[in-house]
Amino acid sequence: MKKIVETAQAPRAIGHYSQAVSIGDLVFTAGQIALSPATNEMVDGDVAKQTRQVLDNLKAVLGAAGADLSKVVKTTVYLTIPEHFAPMNDVYGQYFTEEPPARATIFVKSLPKGALVEIDAIARL
C-alpha cells in the first residue's frame with residue numbers, strides 16, 4: 001500500500017506532487033532543490049552551497065519516511081552547468097561516505113526557481 005511522506009523539516013512541494021512516497025520497503029523522493037524549509041525560498045549561494053541544502057532536504061524527507069542516507073540505493077542528479085559537476089560531487093561525497101548509491105547525472109537546460117542542482121533518491125526502509 002502506498003503511503004505519502006510529508007515533513008515540515010523539508011520544503012513544501014511547489015507543485016502537484018508529494019515530498020516522497022513509500023511502498024513496500026522502498027521510498028521514492030521527489031527531486032529536491034535548494035529551498036529553505038523555513039521560507040520555501042531558494043538559498044543564496046553557489047552549487048556547493050545549494051548541493052548541501054538539497055542533501056539536507058533529502059535527509060529530512062528520508063527521515064520522515066523512516067530511512068536515512070545510508071539506505072539510499074539510487075540517486076539522480078540534475079545539473080544546469082557541466083562545470084558544476086566537480087563541486088557538486090565533492091559535497092555529495094561528504095554525505096555519502098561509505099557504500100555510495102548508484103547515481104545518474106543529467107545535464108538540463110534549466111531547473112525550477114533557477115536552481116543549479118536537483119537530486120532525487122530511492123531508498124530502502
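Scanning residues 5 or more positions from Thr105 or on other chains, those with amide H under 5 Å from its amide H are Val77, with H placed 1.01 Å from N in the peptide plane.
Residues Lys71, Lys109, arranged from fewest to most other Cβ atoms within 10 angstrom of their Cβ, appear as Lys109, Lys71. Would you mind checking the tilt of helix 85-95 against the longest principal axis of the Cα atoms of the chain, expressed as 0 to 90 degrees and rounded to 10? It is inclined by approximately 40 degrees. Rounded to the nearest 10 degrees, the angle from helix 47-65 to the longest Cα principal axis of the chain is 0 degrees. Dipole orientation for the chain: of the candidates Val108, His16, His84, His16 has the Cα lying most toward the positive pole (charges on Cβ; Lys, Arg +1; Asp, Glu -1). Taking amide H as placed 1.01 Å from N in the peptide plane, the amide H of Val117 sits under 5 Å from that of Ala34, each at least 5 places away or on another chain.
Which GluC sites (Glu not before Pro) in segment 40-122 pass both tests, a DSSP loop state and at most 12 other beta-carbon atoms within 10 Å? Kindly include the intermediate steps, with their values, before the conclusion.
Working: sites: Glu41, Glu83, Glu98, Glu118; in loops: Glu41, Glu98.
When the GluC sites (Glu not before Pro) of segment 40-122 are filtered for loop state and at most 12 Cβ neighbours within 10 Å, Glu41, Glu98 remain.
Given their separation in residues at 0.36 nm each and the Cα-Cα distance between them, Tyr17 and Lys109 gain 30.9 nm when the chain is fully extended. In segment 3-124, the C-alpha radius of gyration followed by the widest Cα-Cα span (Dmax) gives 13.2, 38 angstrom.
All of the numbers you see were taken from the coordinates with simple rules; none came from a lab. Since the structure is predicted, the reported quantities are computational estimates derived from the model, not experimental observations. Glycine gets a Cβ as well: all are built from the backbone with ideal geometry, and neighbour counts include every protein chain shown.
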